[in-house]
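Q: Here it is, the structure, as structure tokens.
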Amino acid sequence: MGLVLVSHSEQLVEGLRAIVAQFGGSDVPVALAGGTPDGRIGTTAPRIETAIRSVLETSAEGALVLLDFGSAMLSLEIALEELDPAERARVRVSDAPLVEGAFLAGVQASTGATLDEVAEAARGWQSLPKLPEA
Amino acid sequence: MAELHLTVIDPAGLHARPAAKVVQVASRFQSRIVLRSGERLVDVKSLIALLGLTIRPLTEITLTAEGPDADDALAALVEELGPAVAPLPDGTAVHP
């Protein structure tokens, strides 16, 4: 399975793809939908749809979408509506924060896990320690 | 069953990068592999469980593998961890 990273910023998801490759390895398919086609900060449904389709084409298991905030979800909803039911059934959307979710999902995906298992791994972000224990 | 006692000597502890490697290597094996640190026990095929332990430098850990490829699994994990861990004095594999 593969990941789709959606953000208002193209540079952000490019950097995040490098993180996923570092921790999860380069075998995990990652498609990006960052920024607008004219290089501005924002999200567009066609970019997201293209990214999702590119992962669905290469990964029989499907795609996990991770996104940042606000209009990213609105654009994603529009993109998802463009998919036919069979395609839509192979797409999961993660509620995890983009960076933590992509890190956890990328490592899980690199073990050959199923889409459900990868989605579950991303869901673990809430117990990912960040600040040192008091 | 195979068991191995180690000390984490990486100055950063068992941080994200080695933890991710442990998950990847462990997932290649059928055996159930658990890591014990003090009272806590986690399945090393779960990244979130492993990172949740926040294993610091000089922490003593025990890796236990149970299954048809237990010995190979522990050998592969130790090789992957490399200089991040050191065997404890009684750190040879135990086969009860």
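Taken together, the values in this text are just the output of simple stated rules run on the coordinates, not laboratory data. Remember, it's a predicted structure, so these values are computed and weren't measured experimentally. So basically every Cβ, Gly included, is an ideal-geometry build from the backbone, and we count neighbours across all protein chains shown.
Q: Which of the GluC sites (Glu not before Pro) found in segment B:14-96 are in a DSSP loop and have at most 15 neighbouring Cβ atoms, other than their own, within 10 Å?
A: Details: sites: B:Glu39, B:Glu60, B:Glu66, B:Glu79, B:Glu80; in loops: B:Glu39.
In loop regions of segment B:14-96 (DSSP not H, G, I, E or B), the sparsely surrounded GluC sites (Glu not before Pro) are B:Glu39.
Q: Residues in segment B:41-62 near a label at B:Arg28, defined as backbone nitrogen under 19 Å from the 7 Å Cα→Cβ point?
A: Flagged as within label range: B:44-47.
Q: Moving on to the next point. Using the basic label-point model (7 angstrom from Cα toward the beta carbon), what is the B:Glu39 to B:Leu88 distance in nanometres?
A: 1.8
Q: If you average the C-alpha positions of segment A:52-74 and of segment B:35-78 separately, how far apart do those two centres end up, in angstrom?
A: Each part reduced to its Cα centre gives a spacing of 32 Å.
Q: Filter the trypsin sites (Lys or Arg not before Pro) in segment A:29-85 down to the DSSP loop ones having no more than 12 other Cβ atoms within 10 Å, then list what survives.
A: Details: sites: A:Arg40, A:Arg47, A:Arg53; in loops: A:Arg40.
Those that pass, being in a loop and sparsely packed, are A:Arg40.
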